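Asks: Sending over a structure as structure tokens; questions will come in a sec.
The values are calculated or read from the model by the stated rules, or taken from the named source; none is laboratory data. In this text, all values refer to a predicted model and were calculated from it rather than measured experimentally. Positions of Cβ are generated from backbone atoms using ideal geometry, with glycine treated the same way; all protein chains shown enter the neighbour counts.
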Amino acid sequence: MTWLAILGAGVGCYLLKLAGVSLPARVLEHRLIERVADLIPVALLSALVAVQVFADGTDLSVDARAAGLAAAVLALVLRAPFLVVVFVAAATAALLRLAFPGW
Amino acid sequence: MADPGAQELTEPERRVIIRDSLGVGVATGLYGVSFGAVSVAAGLSVLQTCALSLVMFTGASQFAFVGVAAAGGPPLSGALTALMLGTRNTLYGLKLAPLLGFRGWRRTATAQLVIDESTAMSVLRASRPAARVGFLTTGISVFVLWNAFTLVGAVAGNLIGDPRDYGLDAAVGGAFLALLWPRLADGRNRVLAVCAAAVALGVVPVTAAGVPVLVAGGVALLAGILTVAAEDSTELPRR
């Protein structure tokens, strides 16, 4: 089942790219299509951040991951590159868990 | 400029584009390490992790897929989230196709390279040769390094024990935020981001893992319909 999902979604993502370079450019002239295509990544990424940091199964919780996210925000405000942001988030959560086991 | 393909690209110009593109390629490819480590921590095998980087090859979708898996969500939810995030590459392709002008098997082969970084390094070029150099150099270097470092991260991730001890679960939230960050410069996007996060967290207690993110996709669709309709109703009537 996992393999099926991996290959199905993988091939699907390739076909989405191929559709983009194959369809006539006037598809973009549909304002709704262009607008929704712009908005979907914003909504999904924001939801992914929220769920990844604050969801624990079907519970909501504030733990070391939230501190990691706060550190990531700080790194982004300071214009740190991607890898640094990811590292800072991980290191903050790891150090907090070292200091407060089980958090 | 009758035909962008007729323009010549001087050697110094070509070198600057290649240098910049390789820089982006190396920086992006390196974080394949974090994807590889996060993916095996989510319970995928090394082979499955590498298959995602090879076949899916679009970072945000890959992180989303393994994020749902890590939360114990059904693979179908992960696949749908990955596909929804992948739709932005369709938009990139639509913008890039007239600029790059690839046909036939070249178009089929280079379509896999249509991602955030290759688009950013080619879409603003003034001529077809410049756009092609930026697109191909960035796309190929990211593809090679992303896949190589995915393998490194996946193998290393298998050796390190509990990923939470290293904060890898927090790393994923940081990665998504870093991908989202440039888009938050826009006020409308900030409002949508807050609404989407609130709605997603609101349905966490009552849905299976992966579903909250799909619901947020619905919020984007609704926001698109509402904002376009609002603009139509405030436009001056044409006479």
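Asks: Only residues that are at pLDDT below 95, closer than 12 Å to residue B:169 by Cα and either crowded, with 21+ Cβ neighbours inside 10 Å or of a type in the set (D, E, K, R) (or both): list them for the stretch A:66-88, please.
Replies: The answer is A:86, and nothing else.
Asks: Which condition number does residue A:77 fail, the rest of (1) more than 7 Å from chain B (Cβ to nearest Cβ); (2) under 25 Å from residue B:56 (Cβ atoms) being met?
Replies: (2)
Asks: Search the stretch B:61-77 for residues being polar (S, T, N, Q) and free of Cβ contacts under 8 Å to residues at least 60 places away in the same chain, and hand back the single one that is nearest to the other protein chains (Cβ to nearest Cβ).
Replies: Restricting to residues being polar (S, T, N, Q) and free of Cβ contacts under 8 Å to residues at least 60 places away in the same chain, the top hit is B:61.
Asks: Determine which member of the set B:57, B:35 is of a type in the set (A, V, I, L, M, F, W, C) and more than 9 Å from chain A (Cβ to nearest Cβ).
Replies: Sole residue among the options that is of a type in the set (A, V, I, L, M, F, W, C) and more than 9 Å from chain A (Cβ to nearest Cβ): B:35.
Asks: Looking at residue B:131, is it facing another protein chain (nearest Cβ under 8 Å), at negative phi and assigned to a helix (DSSP H, G or I)?
Replies: So residue B:131 does not fit the description; no.
Asks: Identify the residue in the stretch A:49-65 that is outside any helix (DSSP H, G or I) and in contact with a strand residue (DSSP E or B) (Cβ under 9 Å, 6 or more places away or on another chain) and, among all such residues, is surrounded by the fewest Cβ atoms within 10 Å (Cβ to Cβ).
Replies: Per the criteria, the residue is A:61.
Asks: Provide a single number: the residues in the stretch B:185-220 that are crowded, with 17+ Cβ neighbours inside 10 Å, in a helix (DSSP H, G or I) and at the interface with chain A (Cβ under 9 Å from one of its Cβ atoms).
Replies: Residues meeting the conditions: 18.
Asks: Would you point out the residue of the stretch A:3-37, among those that are over 26 Å from residue B:100 (Cβ atoms) and in contact with a Leu (Cβ under 7 Å, 6 or more places away or on another chain), that is farthest from the other protein chains (Cβ to nearest Cβ)?
Replies: Applying the filter and picking the extreme gives A:6.
Asks: Of the residues in the stretch B:133-171, how many are of a type in the set (Val, Ile, Thr), surrounded by fewer than 24 Cβ atoms within 10 Å (Cβ to Cβ) and under 21 Å from the mean Cα position of the chain (by Cα)?
Replies: 5
Asks: Say whether the condition of being among the hydroxyl-bearing types (Ser, Thr, Tyr) and part of a helix (DSSP H, G or I) is met by at least one residue in the stretch B:4-19.
Replies: No, the conditions are met nowhere in the stretch B:4-19.
Asks: Next question, about the same structure. Give me the residue from the stretch B:94-132 that is farther than 20 Å from residue A:24 by Cα and hydrophobic (A, V, I, L, M, F, W, C) and, out of that set, surrounded by the most Cβ atoms within 10 Å (Cβ to Cβ).
Replies: So, considering only residues that are farther than 20 Å from residue A:24 by Cα and hydrophobic (A, V, I, L, M, F, W, C), the one surrounded by the most Cβ atoms within 10 Å (Cβ to Cβ) is B:121.
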